[in-house]
Amino acid sequence: MPAIKSIVPSQLTPPEVIEKMYMQINNISQGFAIAILIDTLADQFMNSTHAFSTNDFSTLLLAFTSLCISIIFWTRYYFDTFILRRSFSVRSIIWFFAYIVAEGFSFKQINEPTNWFVSTGIFLMFGFGFYTLNLAEIKRKQKNKIKMNLPGKYIDTLNKYAMWQKFRSIELLILTTLAFAGAVLTSAYNSVQYPIGVVTLLIVLWQLSKSRDYKNFGFSNSNE
């Protein structure tokens, strides 16, 4: 009787299986979030009979901002998963799905600036939580002497990577506060929706540029 082949390829070790699982979930979830964004835009403009207005410009601005936010978290989660060799954790999985729900709800609110800022603030809080989880995993792996996918002089690069994670977590905490402040301002003063949207987009583009640090600092290069 022929031997039954394993459904898991032999060349994959358990950590690699977990890594691929996280990355696939991330790809599917972010793709779904973008689908929500496209659907909301289609409902706003294809079923609209009124003339193009400042509010429509604001919707487009927030839609593009949401797209950039999705790209930021999509790429960072991907690279962090690879670098950390992210361990399986029920807490991380639950946090991830709560974050995706918050992201989808945020993208659905692009035609309501105040709601968008509130839901985006909540979404960014979950993003901040991811950095907290990343830092905890870095600390745990340092303690247990488990090596991560970092090149060059490992200790120097690891310290630089840990510091990078800390700075990003602080930035997200500040941006969460600014998002709620934006909600207060757009709720109180309807006329400031567009300028606040422009400032928000500029901040998001700045954060998007930070993602190049994975390449500039060599974090995304594997030793193996």
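The values are calculated or read from the model by the stated rules, or taken from the named source; none is laboratory data. Remember, predicted model here, so these are calculated numbers, not experimental data. FYI the Cβ positions are ideal-geometry reconstructions off the backbone, even for glycines, and counts take in every protein chain you see.
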**Item:** Test for Trp164: is it in a helix (DSSP H, G or I) and touching a Phe, Trp or Tyr at 6+ places or on another chain (Cβ under 8 Å)
**Value:** yes
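Residues are listed down the side, and each one gets a yes or a no for (1) modelled with pLDDT of 90 or more; (2) part of a helix (DSSP H, G or I):
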| position | (1), (2) |
| --- | --- |
| Cys68 | yes, yes |
| Ile72 | yes, yes |
| Arg76 | yes, yes |
| Phe79 | yes, yes |
| Phe88 | no, no |
| Ile93 | no, yes |
| Phe97 | no, yes |
| Ser106 | yes, yes |
| Phe117 | yes, yes |
**Asked** Would you say Thr157 is under 19 Å from Leu135 (Cα atoms), surrounded by 16 or more Cβ atoms within 10 Å (Cβ to Cβ), of a type outside the set (A, V, I, L, M) and touching a residue at least 24 places away in the same chain (Cβ under 8 Å)?
**Response** yes
**Message:** Quick check on the range 182-191: of everything there that is free of Cβ contacts under 8 Å to residues at least 40 places away in the same chain and assigned to a helix (DSSP H, G or I), which residue is nearest to Phe123 (Cα to Cα)?
**Reply:** Val184
**Request:** Can you work out which of the residues in the range 91-103 that are under 18 Å from Val204 (Cβ atoms) and of a type outside the set (Phe, Trp, Tyr) is surrounded by the most Cβ atoms within 10 Å (Cβ to Cβ)?
**Result:** Glu103
**Request:** Evaluate the following for Ile110: is it in a loop (DSSP other than H, G, I, E, B), under 18 Å from the mean Cα position of the chain (by Cα) and crowded, with 17+ Cβ neighbours inside 10 Å?
**Result:** yes
**Prompt:** Do we find that Ser169 is under 24 Å from the mean Cα position of the chain (by Cα), in contact (Cβ under 8 Å) with a residue 40 or more places away in the chain and in a loop (DSSP other than H, G, I, E, B) in this structure?
**Reply:** no
**Asked** On the given criteria, is Ile170 touching a helix residue (DSSP H, G or I) at 6+ places or on another chain (Cβ under 8 Å), more than 22 Å from Arg85 (Cβ to Cβ) and among the β-branched types (Val, Ile, Thr)?
**Response** no
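Mind listing whichever residues of the range 192-224 are assigned to a helix (DSSP H, G or I) and touching a Pro at 6+ places or on another chain (Cβ under 8 Å)?
Within the range 192-224, Gln193, Ile196, Gly197 meet the criteria.
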**Message:** Can you pull out every residue in the range 98-108 that is in contact (Cβ under 8 Å) with a residue 40 or more places away in the chain and not β-branched (Val, Ile, Thr)?
**Reply:** Glu103, Gly104, Ser106, Phe107, Lys108
**Request:** Would you mind stating whether Lys139 is over 30 Å from Ser58 (Cβ atoms) and outside any loop (DSSP other than H, G, I, E, B)?
**Result:** yes
**Asked** Which of the residues spanning the range 1-57 are of a type in the set (Ser, Thr, Tyr) and either modelled with pLDDT under 85 or farther than 26 Å from Val198 by Cβ (or both)?
**Response** Ser6, Ser10, Thr13, Tyr22, Ser29, Ser48, Thr49, Ser53, Thr54
**Asked** List, please: which pairs have Cβ atoms under 6 Å, are six or more places apart or on different chains, and start with a residue in the range 15-40 that is more than 25 Å from Met148 (Cβ to Cβ) and among the hydroxyl-bearing types (Ser, Thr, Tyr) and end with one that is surrounded by fewer than 17 Cβ atoms within 10 Å (Cβ to Cβ) and modelled with pLDDT under 85?
**Response** none
